[in-house]
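Taken together, the values in this text are just the output of simple stated rules run on the coordinates, not laboratory data. In this text, all values refer to a predicted model and were calculated from it rather than measured experimentally. FYI the Cβ positions are ideal-geometry reconstructions off the backbone, even for glycines, and counts take in every protein chain you see.
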Amino acid sequence: MEVSEVYWEIVSHTTNILEICILGCFFYRFVKPFVPERRSTRLVPIVYIIVMLFLYLIPQEIYGSTVYAISAIAVFIFMCFIDKRNIEQKIFIVTTFYLLEWLAWGVVVALWNFSYDITDMIPAVNESYLIQFESYVIRQIFWIVIESLTMETLIRIWHRVYIYKSENMTKKELVLMMVPTFSLISGRLLFRYFNNVYLTDLKKYIWDMHHGYNLVLFLHQAISMAALFTVIIIYRNIKESQRNEIEEKVLARQIEDMKAHISEVERLYRDIRGMKHDMANHVMVLERLYGDNADAGEYVAQLKEQMRDTVLNVKAKSGNPITDVILTEKEKEAQEWGITFDYDFHYPEDEVVNAFDVSIILNNALSNAIEAARECDEPYVKLSSYRKNNAYMIEIRNSMSGTRTMDEGSELPVTTKTDGMHGFGLSNIRKVAQKYYGDIHIEQSGEKFVLTVMLILGELQ
């Protein structure tokens, strides 16, 4: 009998330790999209597992809610240590994982108790101590499997619903998100309190005396789950509204700045062209006056060369003066950074396409490409455009250092810029493309980044 009791203890402890390790892995999967990809980030689940194992193995018994609270605080402190940004979001996600554990635990307990009731009705189980032990082992395996499947499902749903992972969470938004969270935590504490009261006073589990307890627990879990994800959807809608408002402001400002800039540049170009025309006449007069004077001839030749190479000379011939200006300026900017800039761009002829819409695409895409290429040993930017049936395609290829992290919700690279009005370049490109029933496509391969923009010509919203 004593040996059998030791076996029961071994199975119980093994299950608990295995459960802690598995939850540590799920915790890492849960927080990974919210923290920067660093070597120290991989220590997050290890911290969780070490703290949980320490609290489980110490002689002094600590109740479950306290254990989870201590482990959550420890992991939160470590996450803030490796990344001090967006503290409010870290508070929320650590607390949320605690709730997901509670939801998974409630589902498993309800099913586990139901399976216990089923096996307890089998006469052979009650008559054989060995069969009881084997049944217990099977139920413990069942516990681990169901809890893992439930956690996997909840985390997948969570990541699918919570799409703005890279967005900062304000203190007001944190308060909004935590109000239902505290209600759910209170519910968990009440359930545990009643369990402990029954176990302490009556030496029996509450579900053994009240068979409807499992149903109540299951309904509470379902309501809690619905409330949790409803709050996330509300938060997502708030962030989406804020982001759209900022994108529209940035896009409107870019268009106004582009119009003002193009007008000023065109005025300067007209003045310079007039000056160049007058200077050309002066050079012709000087050539005639000095005749065969070698020094004067050399001086005049240098003057003519400088006039041809003036920095205000628009070399691009794309078929539209606005895109000509952008291409010329971006080529000059790339040359200043030592970036090879090649382009084969042609503005779509005889099509109803707003030139400023195309300028938004080129200006944002080429600015991003030049910024990324600046970090490379062999920097380059290549721009091309072509027709494919009724689709007008713009393709920008550039070198880059490393790989850009993609946001799961928008499927766009996560910006590293902290300015609230930055990081919307690709979003605005997509918005312009969608105006023409098109979209954008991004490819990353090694140290190459490819952005393809598709516009459907002939159809406008």
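Bridging of residue 259 to lysines at a Cα separation below 16 Å is possible for 249, once same-chain residues fewer than 8 apart are set aside. Using the Karplus relation 6.51 cos²θ - 1.76 cosθ + 1.60 with θ = phi - 60°, the per-residue 3J(HN,Hα) values for segment 145-161 come to 5, 5, 5, 5, 5, 5, 4, 4, 5, 5, 5, 4, 5, 4, 5, 6, 7 Hz, with x marking Gly and Pro. Extension gain for residue 443-residue 179 works out to 91.0 nm (0.36 nm per residue, less the C-alpha to C-alpha distance). Between residue 29 and residue 58, the modelled label-to-label distance comes to 3.0 nm, taking each label 7 Å out from Cα in the direction of the beta carbon.
Taking a ≥ b ≥ c as the square roots of the Cα gyration tensor eigenvalues, segment 108-259 comes out prolate, since a/c reaches at least 1.5 and a/b is larger than b/c. Between the amide H of residue 346 and those of 385, distances stay under 5 Å, these residues lying 5 or more places away or on another chain, with hydrogens modeled in the peptide plane. Under 14 Å from a point placed 7 Å out from the Cα of residue 434 along the Cα-to-Cβ direction: which residues of segment 144-172 have their backbone N that close? None, by backbone N distance to the label point. Taking the average, over residues, of other Cβ atoms within 10 Å as the packing measure, peptides 137-146, 20-29 rank 20-29, 137-146 from highest down. Neighbours of residue 432 by Cβ distance under 14 Å: Lys/Arg scored +1, Asp/Glu scored -1, total -1.
Using the structure shown, select from 330/435; 84/448; 165/431; 32/388 the pairs with a Cα to Cα distance greater than 28 angstrom.
Flagged as over cut-off: 84/448; 32/388.
If the chain linking residue 403 and residue 168 were pulled fully straight, counting 0.36 nm for each residue of separation and taking away their Cα-Cα distance, it would gain 82.4 nm. Between residue 336 and residue 237, full extension at 0.36 nm per residue minus the direct alpha carbon distance yields a gain of 31.4 nm. For the pair residue 378 and residue 152, label points projected 7 Å from Cα toward Cβ lie 4.3 nm apart. Note on residue 203 and residue 82: their simple-model spin labels are 4.8 nm apart, each label 7 Å out from Cα toward Cβ.
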